[in-house]
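This report refers to the structure that appears directly beneath it.
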Amino acid sequence: MLRNQRTIGKSVSFSGIGLHTGSKTTITFKPAEPNTGIRFIRKDIDGHPMIPANIEHVVDNFRDTTLGNGSVHIRQVEHVLAGVYGLEIDNVLIELDSNEPPVGDGSALPFVEILKKAGFVEQDAPRDYLEIEETITYSDKKNGVDMVVFPSDELRITFMVDYKNPALGTQYTSMYSLTDEFVDDFAPARTFCFLHEVEELHDQGLIQGGNLDNAIVIVDRQLSDEELRVLARKFGLDEKVVLGTNGILGGRKLRFYNEPVRHKTLDLIGDLALLGVPLKAHVMAARSGHAAHVALVKKILKVYKKRQITSKYQARPLKKGVFLDIQAIEKILPHRYPFLLIDRILDLVPKERVVGIKNVTFNEPYFRGHFPGHPIMPGVLIVEAMAQTGAVLLLDAIEHPEKKLAYFMGMDKVRFRKPVRPGDQLQIEVELVRYRSTSCKMRGRAFVSGELVCEAEYMAAIVDR
């Protein structure tokens, strides 16, 4: 069902302390125009710099998700983003007067409640969904992380954690519908950590605003009465810290029997917001954290960007194993007969690599004069075919590629391994080694029937058409 984008009905604010600084901080949500997306604004800095909430602005994901734009950073944005994404808000401006939002109770519930008070406004612009059509996987064997994304008609999440601690152990949860379950079943889930982590972070000058009202602290070692008193003084608690029978510092009661894994699901929802578009998929995660979530989002976005390129340039239905046909290539490259040397693009990984095909026929005009009686394809044209294939790879890297051209600046390590003859089919593989706004470096290899026939590295300048 086609749905329109939506924003909030009015500006709303929420104040509290920041988790790491312990200082008072205020967050303000404001309505935004269609296709704005989610954007953070630092009101406490001159010029009010803006940071879009997308994967390209993630600068740290060790213990939380931190966004940055140059020297301006905002840390621990995942709970805010989970609230916005979970309520299916497409466009909103989020102003902060600090480098972190209020921690609240350690969940997304305070943000959800204030956003619900603002109300929602449907906008006159269609919502663009990212629909998964093939399975995507991510694995980190070192940390025991596995994630799989399957096709689904809406966002579903299945999450499992397995910690070597009897107070937590193995936990599992499933969210079958973001619309129906997020607000009541996942938004209230609070952040959690182990006691040894809390002590280490506090001693490093972090989590100065952390207390037992905004985090679940799981005791992972034996504590004496004196250690309990030291903890009380360290965290400025008025009440006596007691070790409850449930293995949680202070004996705090859980909101759900599996609240920790529900919070991990909440974190994943917040990190999925960095896609910048609503996701239709079933995401299964085991033991994952922010670093794995960011890596998975990058893989999903590559699939999405490939689909955007295809829909923009490819008019005809494609055969299996073909990414762009010759009609689509003509829309991308400025070359024409007899110098358009690429017939098909088989695959493209945005900002990484591209695979193209050049069919070498006896009707090529250069065969009449290049070694008559012993026709071989000129090596310079093989390198040119590599460059044209690489130009397609720049589609995702350059803004408004139809207004740009790429000029050769230099070639290195050019090697011609075998002659290319009429009837051969060149499969050209080009990878992007380095990209800047005005130049790029690529590495290309050409094969015939699986055998390497040519390889080269080359530099190109990117100029206005």
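The values are calculated or read from the model by the stated rules, or taken from the named source; none is laboratory data. Everything quoted here is computed from the prediction, not taken from an experiment. Because the Cβ atoms are built from the backbone with ideal geometry, glycine has one as well, and the counts that use them run over all protein chains shown. Surface accessibility is based on the protein's heavy atoms, side chains included, excluding ligands, DNA and RNA. Shrake-Rupley method; radii C 1.70, N 1.55, O 1.52, S 1.80 Å.
Within region 133-145, the set of residues being of a type in the set (D, E, K, R) and open to solvent by less than 70 Å² (accessible area, probe 1.4 Å) comprises ASP140 only. Among residues that are more than 16 Å from the chain's Cα centre (by Cα), of a type in the set (Ser, Thr, Tyr) and at pLDDT below 95, SER71 is included.
Among the numbered conditions (1) part of a loop (DSSP other than H, G, I, E, B); (2) more than 20 Å from SER449 (Cα to Cα); (3) touching an Asp or Glu at 6+ places or on another chain (Cβ under 7 Å), the only one that LEU341 does not meet is (2).
A residue that is more than 25 Å from PHE182 (Cβ to Cβ) and assigned to a loop (DSSP other than H, G, I, E, B) occurs nowhere in region 72-85. Of all residues in region 1-54, count the ones that are more than 27 Å from the chain's Cα centre (by Cα) and aromatic (Phe, Trp, Tyr). So the count comes out to 1. Scanning region 242-264 for residues that are in a loop (DSSP other than H, G, I, E, B) and under 21 Å from PRO188 (Cα atoms) yields a count of 11.
The set of residues in region 358-387 that are assigned to a loop (DSSP other than H, G, I, E, B), of a type in the set (A, V, I, L, M, F, W, C) and without any contact (Cβ under 8 Å) to a residue 12 or more places away in the chain contains only PHE371.
The residues listed here are LEU67, LEU81, LEU96, LEU109; of these, the one that is among the aliphatic types (A, V, I, L, M), open to solvent by 10 Å² or more (accessible area, probe 1.4 Å) and either closer than 26 Å to ASP185 by Cα or in contact (Cβ under 8 Å) with a residue 12 or more places away in the chain (or both) is LEU109.
The single residue among LEU223, LEU212 that is open to solvent by 20 Å² or more (accessible area, probe 1.4 Å), part of a loop (DSSP other than H, G, I, E, B), free of Cβ contacts under 8 Å to residues at least 60 places away in the same chain and not charged (D, E, K, R) turns out to be LEU223. Write out, first by first residue and then by second, each pair whose Cβ atoms fall under 6 Å of each other, whose residues are 6+ apart or on separate chains, and whose first residue, in region 416-431, is more than 11 Å from GLU451 (Cβ to Cβ) while the second is of a type in the set (D, E, K, R) and open to solvent by 70 Å² or more (accessible area, probe 1.4 Å). What qualifies is GLU429/ARG445; GLU431/ARG353; GLU431/ARG443.
Residue-by-condition table, conditions (1) in contact (Cβ under 8 Å) with a residue 12 or more places away in the chain; (2) open to solvent by 30 Å² or more (accessible area, probe 1.4 Å); (3) in a helix (DSSP H, G or I); (4) under 27 Å from PHE362 (Cα atoms):
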site: LYS298; (1), (2), (3), (4): yes, yes, yes, no
site: LYS312; (1), (2), (3), (4): no, yes, yes, no
site: LEU318; (1), (2), (3), (4): no, yes, no, yes
site: ILE329; (1), (2), (3), (4): yes, no, yes, yes
site: ARG336; (1), (2), (3), (4): no, yes, no, yes
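Flag not set for VAL103, criterion: at pLDDT 95 or above, open to solvent by less than 40 Å² (accessible area, probe 1.4 Å) and not basic (Lys, Arg). Scan region 339-351 for residues that are at pLDDT 90 or above and open to solvent by 70 Å² or more (accessible area, probe 1.4 Å) and the total you get is 2.
Does at least one position in region 13-25 carry a residue that is open to solvent by less than 40 Å² (accessible area, probe 1.4 Å), in a loop (DSSP other than H, G, I, E, B) and either acidic (Asp, Glu) or touching a Leu at 6+ places or on another chain (Cβ under 6 Å) (or both)? Looking for residues that are open to solvent by less than 40 Å² (accessible area, probe 1.4 Å), in a loop (DSSP other than H, G, I, E, B) and either acidic (Asp, Glu) or touching a Leu at 6+ places or on another chain (Cβ under 6 Å) (or both), one finds at least one in region 13-25, hence yes. Of the set (1) modelled with pLDDT of 95 or more; (2) open to solvent by 40 Å² or more (accessible area, probe 1.4 Å), all apply to ASP162 but (1). Condition check for ASN99 on (1) touching a Lys or Arg at 6+ places or on another chain (Cβ under 9 Å); (2) over 18 Å from LEU19 (Cα atoms); (3) in a loop (DSSP other than H, G, I, E, B): one failure, at (2).
Within region 265-279, can one find any residue that is part of a helix (DSSP H, G or I), more than 15 Å from the chain's Cα centre (by Cα) and in contact (Cβ under 8 Å) with a residue 24 or more places away in the chain? Among the residues of region 265-279, at least one is part of a helix (DSSP H, G or I), more than 15 Å from the chain's Cα centre (by Cα) and in contact (Cβ under 8 Å) with a residue 24 or more places away in the chain, which makes the answer yes.
In this structure, HIS48 does not satisfy being open to solvent by 10 Å² or more (accessible area, probe 1.4 Å) and assigned to a strand (DSSP E or B). With respect to (1) touching a helix residue (DSSP H, G or I) at 6+ places or on another chain (Cβ under 8 Å); (2) outside any loop (DSSP other than H, G, I, E, B); (3) over 21 Å from ARG307 (Cβ atoms), the lone exception for VAL354 is condition (3). Considered as a group, the residues in region 55-64 that are within 16 Å of the chain's Cα centre (by Cα) and charged (D, E, K, R) include one that is surrounded by the fewest Cβ atoms within 10 Å (Cβ to Cβ), and that residue is GLU56.
Scanning region 433-465 for residues that are surrounded by fewer than 13 Cβ atoms within 10 Å (Cβ to Cβ) and closer than 14 Å to MET411 by Cα gives a single hit, VAL433.
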